[in-house]
Amino acid sequence: MHPFLEKVKRDPDSFFVHHTKIEEQLPMHSHNKHQMSYVEGGVAFLNTRNKSYFFPARHFIWIPAGREHNVISRTSVKFVRNIFFPIWVIPKDHKLQERGGIFPVTDLLMEMIYYTEKWRGDVTKKDKSQLEFLLALKNIVLDAAENPLPIVLPTTENESLRPILKYIHQHIDQPLYLDKIAEEFGQSSRTLSRLFQGNMETSFLQYVKLSRTIKSMEMLLQTDLSITEIAYSCGYNSLSAFSYAFQQIVHRSPKEFRKQTELKNKTS
């Protein structure tokens, strides 16, 4: 076991605070505590065995105890601020006991996360003031968990699908049609459609739409390209089509999503 994971698991009743990018050094793993992570700078992905969660600025990830995962940075990340919660602090009937996801960070929660930046290691019941602070932070997290970011990209170990998914991501700026890709990989449209539904519980069309949206979110966060340029770079033939699809999935317009990030950068 990695020494870092041994430290996290050492005292199951304690909080554990750690502000580094250590997660990037770990393979798929799990631990006996709930994990909240906040990325400062760049964007990242939370990967589980069957899903990939896009992890943008101004959001935190929640990983329930026992859930196998790893976190991969797609672009340069300054810090990953991690707070590990003992199981006992989350109400037994709360959805965060079992459900992970990506959630928005309010100004208050962001300031509370930054307040812990000099803390390292276990926070136990002996550390009264720190413990009280983390319990208050927990309550803010429970409130924030009511509004998850609905961007979850299914993944698969299916050997027939994996090269097709790679092809989709490599050609995201081009027209992507089920019949053309099926032909490219020597399959019928019907077979490929069934592969998506049977292995990923989503349609080919929805997978492409999610992939385009995630790519556009990365570009909105990481480039100075105009929204129109991003639309065409992500395979849309008009700004209106891109804006409509983005709003459907993210529940915010591309302009609103970018503005939120710009505000965050000004206050960091």
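Based on alpha-carbon centroids, what's the gap between segment 98-151 and segment 1-45 in Å, whole number please?
Here the two parts' Cα centres lie 14 Å apart.
Give the long-range amide H neighbours of LEU149: residues separated by 5 or more places, or on another chain, with amide H under 5 Å away, using H modelled in the peptide plane at 1.01 Å from N.
ILE102, PHE103
Where nothing but the Cβ of Lys and Arg (+1) and of Asp and Glu (-1) is charged, how large is the charge dipole of the chain around its Cα centre, in debye to the nearest 20?
Numbers: 35 positive and 29 negative charges, 51 e Å.
In debye, rounded to 20, the chain gives about 240.
Which of the chymotrypsin sites (Phe, Trp or Tyr not before Pro) found in segment 184-214 are loop residues per DSSP with 15 or fewer other Cβ atoms within 10 Å of their Cβ? Write down the numbers at each step before the final one.
Numbers: sites: PHE185, PHE196, PHE204, TYR207; in loops: PHE185.
Within segment 184-214, the qualifying chymotrypsin sites (Phe, Trp or Tyr not before Pro) (loop, at most 15 other Cβ atoms within 10 Å) are PHE185.
At a Förster distance of 35 Å, what's the computed FRET efficiency of GLN25 paired with GLN197, Cβ-Cβ distance as r, to 0.05? Please report the intermediate quantities before stating the final value.
On the way: r = 36 Å, r/R0 = 1.03.
About 0.45, to the nearest 0.05.
Would you rank LYS126, LYS7, LYS255 by solvent-accessible area, highest first, keeping every protein chain in place and using a 1.4 Å probe?
Details: LYS126 190, LYS7 100, LYS255 150 Å².
My answer, sorted largest first, is LYS126, LYS255, LYS7.
Over the Cα atoms of segment 157-264, Rg to Rh with Kirkwood Rh, two decimal places? Let's see the in-between values first.
On the way: Rg = 15.1 Å, Rh = 14.7 Å.
Value, to two decimals: 1.02.
Between GLU183 and LYS51, with labels modelled 7 Å along Cα→Cβ, what's the label distance in nm to one decimal, could you check?
Here the answer is 3.6 nm between the modelled labels.
Please list 3J(HN,Hα) in residue order for segment 209-224, calculated via the Karplus relation 6.51 cos²θ - 1.76 cosθ + 1.60 where θ = phi - 60°; whole Hz, with x for glycine and proline.
Rounded to whole hertz, the list is 4, 5, 5, 5, 5, 4, 4, 5, 5, 4, 5, 5, 7, 10, 10, 9.
Local charge sum around ILE22 (other residues, Cβ-Cβ under 13 Å, Lys/Arg +1, Asp/Glu -1)? The partial results should precede the final answer.
Values: positive: LYS7, LYS21, ARG81, ARG120; negative: GLU6, GLU23, GLU24.
Here the charged neighbours net out to +1.
Could you point to the residue in SER37, LEU176, LEU5 farthest towards the positive end of the chain's charge dipole, with +1 and -1 charges on the Cβ of Lys/Arg and Asp/Glu respectively?
It is LEU5.
Working with all protein chains in place, sort HIS29, HIS171 by solvent-accessible area computed with a 1.4 Å probe, largest first.
Sorted descending by solvent-accessible area, the residues read HIS171, HIS29.
In nm, give the distance between the simple-model label positions of TYR115 and TYR167, each being 7 Å from the Cα along the Cα-to-Cβ direction.
5.3 nm
Along segment 191-202, what does the Karplus equation 6.51 cos²θ - 1.76 cosθ + 1.60 (θ = phi - 60°) give for ³J(HN,Hα), rounded to whole Hz, x for Gly and Pro?
In residue order, the calculated couplings are 5, 5, 4, 5, 4, 5, 5, x, 9, 10, 6, 8 Hz.
Per q in 0.08, 0.16 1/Å, what log10 I(q)/I(0) does a Debye calculation on the alpha-carbon atoms of segment 3-145 return?
Here log10 of I(q) over I(0) equals -0.18, -0.79.
Helix-only estimate, please: 222 nm mean residue ellipticity of the chain, summing -39500 (n - 2.57) across DSSP H runs of length 4 or more and dividing by its residues, to the nearest 500.
Details: 10 runs with 113 residues, N = 268.
Taking each H run of at least 4 residues, the total per residue is -13000 deg cm²/dmol.
Report in % the part of the accessible area of the chain that belongs to carbon and sulfur, leaving out ligands and nucleic acids; probe 1.4 Å. Show your work: numbers first, answer last.
Numbers: 6710 of 13450 Å².
The C+S portion of the solvent-accessible surface of the chain is 50 percent.
For LYS125 and ASN147, what does the FRET efficiency come to when R0 = 35 Å and r is the distance between their Cβ atoms, rounded to the nearest 0.05? Don't skip to the answer; put the middle values down first.
Details: r = 31 Å, r/R0 = 0.89.
Computed FRET efficiency for LYS125 and ASN147: 0.65.
I'd like the Karplus ³J(HN,Hα) series for segment 146-156: coefficients 6.51, -1.76, 1.60, θ = phi - 60°, whole numbers in Hz, and an x wherever there's a Gly or Pro.
Here the 3J(HN,Hα) series is 6, 10, x, 7, x, 10, 10, 9, x, 10, 7 Hz.
Charges at C-beta only: +1 for Lys and Arg, -1 for Asp and Glu. How large is the resulting dipole of segment 185-266 about its Cα centre, in Debye rounded to 20?
Details: 11 positive and 6 negative charges, 29 e Å.
Its charge dipole is roughly 140 debye.
Quote the charge dipole size of segment 1-91 about the Cα centre in Debye, to the nearest 20; the model charges only the Cβ of Lys and Arg (+1) and of Asp and Glu (-1).
So the magnitude is around 200 debye.
The values are calculated or read from the model by the stated rules, or taken from the named source; none is laboratory data. Worth saying up front: this structure is predicted, and the values here are computed from it rather than measured. With ideal geometry, Cβ positions are generated from the backbone for all residues, glycine too; neighbour counts draw on all protein chains shown. These accessible areas exclude ligands, DNA and RNA; they are computed on the full protein's heavy atoms, side chains included. Shrake-Rupley method; radii C 1.70, N 1.55, O 1.52, S 1.80 Å.
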